[in-house]
Amino acid sequence: MAVFELPFNVVDASDHECDRESCEIVQQLPTALKEAALDYSFLLRYLHTLPIAEIGLPIYHEELEKSDGDEEVPNFIYKANSGEIFFHVYPDPEGIRDWLIAIEPSVEHPKFPQIMSDIEEGLIEYTNELESAIGDQQLAATLRWTLAHIFKQPVEMSLDDIQALPKGFLGEIIEEEEEDAALPEGDSEAESEQNGSTAVAVAEKTEKKSDKSESKSSLFAPIAKIFGGGSKMNIDIAKKYGLNDDDIEGIKYSMVREKVGMGVLQPLINDHHIEDISCSGVGQIFIEHKVFSSMKCSFGYQTHQELDEHVLRMSERIKKPVTFRQPVVDASLPDGSRINIVYGQDVSLRGTNYTIRKFSEEAISIIQLCKWKSLSWEMAAYLSITIEDGMNMFVSGETASGKTTLMNALCTFIEPNAKIVSIEDTAEVNVPHKNWIKEVTRKPKPGETDSGVGMFDLLRAALRQRPEFIIIGEIRGEEGLIAFQAMQTGHPVMATFHAASVQKLIQRLVGDPILVPKNYVDNLNLAVIQVAVRLPDGKMGRRAIAINEIVNYDSAADAFSFVEVFQWDPVTDTFEFTGFNNSYLLEQVIAPARGYPPARRRQIYSLVKRRARILEKLAASGLEEYQEVYQTIAKAIKDGVF
């Protein structure tokens, strides 16, 4: 992976031996940045390469705020939420896209290829241990344990890593060190426990090998086949190449990143501030950042060969290998992010390209969306009532408009004891309910015609599973007709759909290839239109610009009737309840079902107002996390107070 020219002149600090007590750079660092730099030597090395007199000292943030994106000339260093990684945000002199520079543990050594070759050979001795690892977490922990042995170091692992090791993997664990020297310098035992990790020394593995697991890691199986095992290493790699502790940590980090992670992309995947990662071919990688919007990375690909080799490794890592015969792949990364790959110059003139759409480990709650003004409290309350009463709903919009995010948030309002079946091409739906069947499609294997399972097959099977709610990741084709048949049989359906307005939604439904009969369309009760818009302050944002109730189809006039109950005002960035005292669903469908007499049906609007106030009060109390919001609302529904 090539590193492109940075927007400032890098200082050569290779010969600088930093005395932390007297170093001029260290002394002028602000307190927070100084503490981080002293804790992470690779960050301190990076700071020594910056032309401080020219660009000034970066501002350090342990966590970014939305307001940081308002800075016209950003110069920030922040820590990623996962892993020991930092990023430097620096302005583009041309003012087009700001830079995002990854700061990672690394090693620069003239004999780096020989070092890696010796380490790979050393891994042969531990093939059985590495093959016994099941899943990425176990594999990463086992690899760290193995590398410590190869470098002849005392094995120091976090409790999380030890717990991730395969059961029965370690022969004996020495008791946790009671001396302060076992803990990081300057930390107390209590502080270490607070950080969730304790350094422990792990005894040498006993001679008795554990039986190989039936489910082995495919990453290291080829090593045994190629080399056929190996003898114990009798060389000291660190001594042979003159590696210091920082070099060794950089090598260990790089090995885990390459063997278990997505290589150089792993820092970007680890950062929850990044939404999209885009490679358009040879050249730099671009990202969409939640705080700083469109940015360009400090690394990318110099040649087509380099790009193709990395994409091939990445596709094999996710068990969806691309080939010239099958150049287009849609898949999920281990963290749940969605990746689309187009391989080869014959189908992509600028060369292989890929796009990674990241998803949060925990879904965004409806309260967070309301606080971000994606929709109003009244809209959330209205949707909670319609979902509770089994209305069928499509969340519709263009690509990357926030459709799936909104649908996940709305799942909070589904009755807590409901049985839910979700059907997707790529796993994106996140349902908090326990009784949830999560199904994904399977494409036919190359050369086979009968091994695939499509959306149509899964949806048809779902109708036999007695679900109380069906969620479809995205309707694109013939599964749309089955979805409408499910609606007719009384199964509430929620799905995402690609259309920027209710009119275009209906046009796509009744047109090829979905071909829903026009007199079926009014089984769909609601269309929520979610769009990425430009806000009054000039920034981009995501808004539910309209909620439409589909009333009926007039065959004589060949026209559909629908009511717009909520509308977004682009001038004031506010929402108007245009359907107040004029909602077809609330007055003609939901109110009668709830026992409201005809003369009092408009009292249903007071329920909307009351629920909106409840959601606002929950937000004011600090409630925001997805699971906490779900549990609170589930209890409120059970107790009859929501």
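Too long at a 25 Å Cα-Cα cut-off: which of Lys403/Lys434; Lys358/Lys539; Lys320/Lys504? Where the Cα-Cα span goes over 25 Å, the pairs concerned are Lys320/Lys504. Take the Cα of Arg460, go 7 Å toward its beta carbon, and the backbone nitrogen atoms of the stretch 468-503 under 11 Å from that spot belong to 479, 482.
Loop-located GluC sites (Glu not before Pro) across the stretch 292-377 with a Cβ neighbour count of 14 or fewer within 10 Å are Glu361, Glu362, with loop assigned by DSSP.
In the stretch 366-639, the alpha-carbon atoms span a convex hull of 150 Å³ per residue.
Among Ile514, Trp377, Ile472, which residue has its Cα positioned farthest towards the positive end of the charge dipole of the stretch 366-639, with +1 placed on the Cβ of Lys and Arg, -1 on the Cβ of Asp and Glu, and the dipole taken about the Cα centre? About the Cα centre, the residue reaching furthest to the positive side is Trp377. Scaled against 2.2 N^0.38 Å for its residue count N, the alpha carbon radius of gyration of the stretch 2-103 is 1.07.
Dipole of the chain computed with +1 at Lys/Arg Cβ and -1 at Asp/Glu Cβ about the Cα centre; of Val260, Val347, Ile119, farthest Cα towards the positive end is Val347.
Ratio of alpha-carbon Rg to the 2.2 N^0.38 Å globular estimate for the stretch 265-357, to two decimals, please.
Its radius of gyration relative to the 2.2 N^0.38 Å reference: 1.03.
Averaging the Cα positions of each part gives two centres, and for the stretch 68-105 and the stretch 403-481 these lie 38 Å apart. The stretch 560-610 and the stretch 621-639 have Cα centres spaced 24 Å apart. Calculated mean residue ellipticity at 222 nm for the chain: -9000 deg cm²/dmol, from DSSP H runs with n ≥ 4 weighted as -39500 (n - 2.57), summed, divided by the residue count and rounded to 500. Computed about its Cα centre, the charge dipole of the chain is approximately 3680 debye, with only Lys, Arg, Asp and Glu carrying charge at their Cβ. Placing a label point 7 Å from the Cα of Ser14 along the Cα-to-Cβ direction, no residue of the stretch 249-274 has its backbone N under 16 Å from that point. For the stretch 410-562, a crude dipole built from +1 on the beta carbon of Lys and Arg and -1 on the beta carbon of Asp and Glu, taken about the Cα centre, is about 420 debye to the nearest 20.
Simple rule: put +1 on each Lys or Arg Cβ and -1 on each Asp or Glu Cβ in the stretch 366-639, find the dipole, and look at Ala544, Val440, Ala636; the Cα lying farthest toward the positive end is Ala636.
Considering only the stretch 2-103, what is the antiparallel percent among its DSSP beta bridges, to the nearest 5? Looking only at bridges with both residues in the stretch 2-103, the antiparallel portion is about 75 percent.
For the stretch 319-343, the residues whose backbone nitrogen is under 17 Å from a point 7 Å from the Cα of Gln137, taken along Cα to Cβ, are 334-337. Taking 0.36 nm per residue of separation and subtracting the Cα-Cα distance, full extension of the segment from Ile437 to Glu625 would add 65.4 nm.
Estimated from the Cβ-Cβ distance and a Förster radius of 45 angstrom, the FRET efficiency linking Asn582 and Lys66 is about 0.80. Note: the chain, Cα convex hull, 203 Å³ per residue. Label sites at Leu535 and Glu564, each approximated as a point 7 angstrom past Cα along Cα to Cβ, lie 2.2 nm apart.
A simple spin-label model places pseudo-atoms 7 Å from Cα toward Cβ; at Ile59 and Lys319 they are separated by 4.6 nm. Using a simple spin-label model with pseudo-atoms 7 Å out from Cα toward Cβ, His109 and Val73 lie 4.1 nm apart. Given +1 at the Cβ of Lys and Arg, -1 at the Cβ of Asp and Glu and no other charges, the dipole of the stretch 265-357 around its Cα centre is 140 debye to the nearest 20.
Return the FRET efficiency for the residue pair Ser117, Thr489: r is the Cβ-Cβ distance, R0 is 51 Å, and the value is rounded to the nearest 0.05.
Here the calculated transfer efficiency is 0.20.
Of all DSSP beta bridges confined to the stretch 366-639, the antiparallel ones make up roughly 50%.
Among beta bridges from DSSP that stay inside the chain, the antiparallel ones total about 70%.
In a fully extended conformation the segment linking Val551 and Glu258 would gain 100.0 nm over its present Cα-Cα distance, using 0.36 nm per residue.
No value in this document is a laboratory result; all are computed from the given coordinates. Predicted model only: the values in this text are computed from it and were never measured. When we count neighbours, we look across all protein chains shown, and the Cβ atoms used for this are built from the backbone with ideal geometry, even at glycine.
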